[in-house]
């Protein structure tokens, strides 16, 4: 796979260099001109990750990238839509007052982009509990709601299982990558890769559990609890006692996420949230049925996500407009 350093537009720089508006404009221009040469339906502008707080130099730099995105794109003269990147660590979302102030700044731009490519970063691609945290879930949903209300298109990168819930809040797109390492955004992924290691365990995304089971777990439980299966075409890739080809697992995940997204997304956000809550209740009931069988689940397969999602939705509902 090609690394970032192989692209002609990329040059490394210190953070202090990005405090210059001229430097930011030049970097935006290089990246967007490169994308303009490709047969893309839209362009995603670069940005930095705000790693700790909205009250920081990083946040000022990030807002400068966002403010200049449309200006530079208009100068290039391409009619395709342009999306500003908004990349935030999970830590930045924990201060509600700072979050609201930052949201106000970016929703009142004089020359706005068509939308935002929204990324929430964890400390590693395996640190899912940092993302499945009630405050983070609520804030990510709030960004989608507020940006959509302001007329922006919202694309959620690395959203995976959260994508349907973000769609319920107003998000337009939720992305989930081909590999396990593309399901949670982390800067760790862009560091030199460690060699060796074993292949990841194959899993099945159950729409009713709102979570993945290992193939072994699914095989052990499917006859006792047929509701674990989604009754979708890619279930055929998971016959009893036979693991699916590795390139089929992701297709089953995408198919399930699409179904959940269609179920949760509608014009009425309050009604969407009711659908989300109903699905969480159903997931809780099915987990209780699994517990009753006495079959132990892998840590990643358990029901911890339900409480975080439920509390996150309740916090999100505290937004005055809702």
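The values are calculated or read from the model by the stated rules, or taken from the named source; none is laboratory data. Predicted model, so just to flag it, every value in this text is computed and none were measured. A quick note on method: Cβ atoms are made from the backbone with ideal geometry, for glycine too, and the neighbour counts reach across all protein chains shown.
Here are the numbers for the structure shown:
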quantity	calculated
Subset tally (residues that are closer than 30 Å to residue 74 by Cβ and either at pLDDT below 95 or surrounded by fewer than 15 Cβ atoms within 10 Å (Cβ to Cβ) (or both)) for the stretch 110-137	3
Selected residue (only one of 97, 62, 12, 79 is touching a residue at least 12 places away in the same chain (Cβ under 8 Å) and in the same structural domain as residue 185 (by TED's automatic domain parsing))	62
Filter result (in a helix (DSSP H, G or I) and either within 19 Å of residue 176 (Cα to Cα) or in contact with a helix residue (DSSP H, G or I) (Cβ under 8 Å, 6 or more places away or on another chain) (or both)) within the stretch 208-238	217, 218, 221, 227, 228, 233, 234, 235, 237
Of all residues making up the stretch 283-300, the number that are free of Cβ contacts under 8 Å to residues at least 12 places away in the same chain and in a helix (DSSP H, G or I)	5
Meets criteria (in contact with a strand residue (DSSP E or B) (Cβ under 6 Å, 6 or more places away or on another chain) and in contact (Cβ under 8 Å) with a residue 12 or more places away in the chain) for residue 149	no
Failed item, numbered, when residue 37 is tested on (1) farther than 20 Å from residue 158 by Cβ; (2) touching a helix residue (DSSP H, G or I) at 6+ places or on another chain (Cβ under 9 Å); (3) free of Cβ contacts under 8 Å to residues at least 40 places away in the same chain	(2)
For residue 88: the one exception among (1) in contact (Cβ under 8 Å) with a residue 40 or more places away in the chain; (2) closer than 23 Å to residue 167 by Cα; (3) in contact with a strand residue (DSSP E or B) (Cβ under 6 Å, 6 or more places away or on another chain)	(1)
Filter pass, residue 5 being farther than 22 Å from residue 118 by Cβ, in contact with a helix residue (DSSP H, G or I) (Cβ under 7 Å, 6 or more places away or on another chain) and surrounded by fewer than 15 Cβ atoms within 10 Å (Cβ to Cβ)	no
Qualifying residues in the stretch 43-79 (those that are in contact with a strand residue (DSSP E or B) (Cβ under 6 Å, 6 or more places away or on another chain) and over 30 Å from residue 95 (Cα atoms)) - the one surrounded by the fewest Cβ atoms within 10 Å (Cβ to Cβ)	43
Answer from 260, 251, 273, 280 - the residue that is without any contact (Cβ under 8 Å) to a residue 60 or more places away in the chain, assigned to a helix (DSSP H, G or I) and at negative phi	251
Qualifying positions in the stretch 122-178 - in a loop (DSSP other than H, G, I, E, B) and more than 23 Å from residue 319 (Cα to Cα)	122, 123, 124, 125, 126, 127, 157, 158, 175, 176, 177, 178
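For (1) at pLDDT 95 or above; (2) in the same structural domain as residue 268 (by TED's automatic domain parsing); (3) within 8 Å of the chain's Cα centre (by Cα), each residue gets a yes or a no:
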{"position": "145", "(1), (2), (3)": "yes, no, no"}
{"position": "151", "(1), (2), (3)": "yes, no, no"}
{"position": "157", "(1), (2), (3)": "yes, no, yes"}
{"position": "163", "(1), (2), (3)": "yes, no, yes"}
{"position": "167", "(1), (2), (3)": "yes, no, no"}
{"position": "171", "(1), (2), (3)": "yes, no, no"}
{"position": "180", "(1), (2), (3)": "no, no, no"}
{"position": "186", "(1), (2), (3)": "no, no, no"}
